[in-house]
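Taking it in order: structure first as structure tokens, then the write-up.
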Amino acid sequence: METAVKAKHLRENFKNLFLERTNGLYGSNGRILLKRLGTLWQKIVILSLFFLILNDCSSFFRRKPQFDQIRIDGLKSFYEEPVIGKLLESRKPGLRKQESISAIILHNSGKLNWSEYARRSLENEFMIHFFVDSQGVMYGDPKFLTSVWIASPGIDEESIHIAYEGSPESLTSNSIQKQTLTQLVQQLSESIYIPKSNLDIISKKGIFTHNQAKRRFGGFVDFSSCGGEQALKAILLEIEGTYYEEESWKDRFESGWVLKKESKQILKDTFKPTNGRGITKAEKVILKTIESDEDGFPPEAYRVKYTFRGKIKPSCLVLHYTAIPDYFNSLRTLEARNLTATIMVDKDGKAYQLVDLLEDRAAAATGTNDNCIQIEIVAKDTAELFAQPVQTEKVKELVLELCKYYKIPLTNESIESYSGIFSHSQAKKRWGGSIFLNAKDFDPGEEYMEHILTSIGGKYYPEPQWKDRKSNTWAILFRNFQP
């Protein structure tokens, strides 16, 4: 099914690209010229164009935007608005080359009008290029072609950010606003030759919602569906573009997305365990806090089947809760998702080594797997963790022994240093890579992290004090508002 969809995308993309580039090379007479050529020469030309496109040499005949001729009629300048103009005096955009523009990102303001939306954006060090209010009035930056406004980190350099007042539902019933917005998107996409499609945000070429950009690149404050997929769908259909549902976005089920999307069938087909329970022999347990059989090995039934991903030199720990209140169901879930932790602590306070060797690389928290030992703690949520004191004592003992053995500092201040004890939430907020992301995410819960760290003589830092927490490099940003 997915192979057929990809083949269809390839055919459609080549057809559109071929016609566009043919017109670009020969002008409006391009197709006429091809008709006049003999059959043999037509095939030669078509094959030549095909190989140029296939080998990314199509810039030889690509149309170039006439940037000096692009004018947006009826635009009200941001800088002419008294309040906004004042704020802009201390908020200057970055600069870019016009040729770098290849995408349009659609946002919406919800219940905020233009003035409030712009004010809150600027106060949080964000801004967009255009805003279409409910009356169809268009505000914007006259220098939008060379201005880089931060609104969606990861794709700002290539993007023109357009916001509309209200919700996707209100836009649908507001013909004046919808017409103004649609015409703006159409003019920009056609004059700059931005693909009229939301297929491939990885390439940063096309027309996308902020919602889609968040999923790929992160850099968001919350995970509201900003921009509205139905609004984008209506606009693309109006301008004769192509809209793709999320399941059909290019490589949506592959790695590299900040918000992962999993396919049970793909996971089932690709899970080829090489190590673990019933496959390879584990080495003897080296820590007193970890359970072992009479011969000193990890109990076989409690181990996980996993794909060997190399070895690490541990310099940090990451604590998780399983979100499933049962050890063996948690184990099966790890295997079904082709994941593995290093150690799992059951409710009864027994800790089991899941992998052959503690230094075997786990796959449980994006961004930290190459450096950190991953510890899963069996509980459905933070409240259940606190209700299991025997387990909590074991976690303290385990963490302390691991930190002593690997010389890991008892602190959570800087996750980027890969040196310390961190929550899975802290890792997710920094790098994403999870099927669930939320600014208020609790895994295993910061109250729990504080209790563990302070109980073993460590130093706990609350989120505002995490190193560089306010930078734009985090998957989930530490701000009050985002356009």
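What residue, of Ala379, Ala427, is surrounded by 15 or more Cβ atoms within 10 Å (Cβ to Cβ), in a loop (DSSP other than H, G, I, E, B) and among the small types (Gly, Ala, Ser)?
Criteria check complete, one pass: Ala379.
Determine which single condition Gly420 fails, assuming it passes every other condition in (1) small (Gly, Ala, Ser); (2) buried (at least 24 other Cβ atoms within 10 Å of the Cβ); (3) on the phi < 0 side of the Ramachandran plot.
Failing condition for Gly420: (3).
Of the conditions (1) surrounded by fewer than 17 Cβ atoms within 10 Å (Cβ to Cβ); (2) over 28 Å from the mean Cα position of the chain (by Cα); (3) not aromatic (Phe, Trp, Tyr), Val304 fails just one. Which one is it?
Tallying (1) surrounded by fewer than 17 Cβ atoms within 10 Å (Cβ to Cβ); (2) over 28 Å from the mean Cα position of the chain (by Cα); (3) not aromatic (Phe, Trp, Tyr), Val304 fails exactly one: (1).
Go through the range 258-291 and give me each residue that's under 16 Å from Gln353 (Cα atoms), open to solvent by less than 80 Å² (accessible area, probe 1.4 Å) and not aliphatic (A, V, I, L, M).
Result: Asn275, Gly276, Arg277, Gly278, Thr280, Thr289, Glu291.
Taking the condition of being surrounded by 12 or more Cβ atoms within 10 Å (Cβ to Cβ) and over 16 Å from Glu416 (Cβ atoms), how many residues in the range 452-468 meet it?
8
Any chance you could count how many residues in the range 331-361 are assigned to a helix (DSSP H, G or I) and crowded, with 22+ Cβ neighbours inside 10 Å?
Number of matching residues: 2.
Taking Glu294, is it farther than 30 Å from Lys204 by Cα and either surrounded by fewer than 16 Cβ atoms within 10 Å (Cβ to Cβ) or of a type in the set (Val, Ile, Thr) (or both)?
In short, yes.
Among (1) more than 25 Å from Glu169 (Cβ to Cβ); (2) in a helix (DSSP H, G or I); (3) touching a residue at least 40 places away in the same chain (Cβ under 8 Å), which single condition is Ala282 missing?
In the conditions (1) more than 25 Å from Glu169 (Cβ to Cβ); (2) in a helix (DSSP H, G or I); (3) touching a residue at least 40 places away in the same chain (Cβ under 8 Å), Ala282 misses (2) alone.
What number of residues within the range 103-128 are closer than 24 Å to Lys233 by Cα, polar (S, T, N, Q) and more than 24 Å from the chain's Cα centre (by Cα)?
1
What single numbered condition from (1) closer than 25 Å to Leu339 by Cβ; (2) surrounded by 21 or more Cβ atoms within 10 Å (Cβ to Cβ); (3) polar (S, T, N, Q) fails to hold for Thr209?
(1)
Would you say Thr280 is hydroxyl-bearing (Ser, Thr, Tyr) and at pLDDT 95 or above?
Yes, satisfied.
The values are calculated or read from the model by the stated rules, or taken from the named source; none is laboratory data. Please read these numbers as outputs of a predicted model, since none were measured by experiment. Methodologically, a virtual Cβ is constructed for each residue, glycine included, from the backbone with ideal geometry; neighbour enumeration extends over all protein chains shown. Just so you know, the surface numbers come from the protein's heavy atoms only, side chains and all, with ligands and any DNA or RNA stripped out. Shrake-Rupley method; radii C 1.70, N 1.55, O 1.52, S 1.80 Å.
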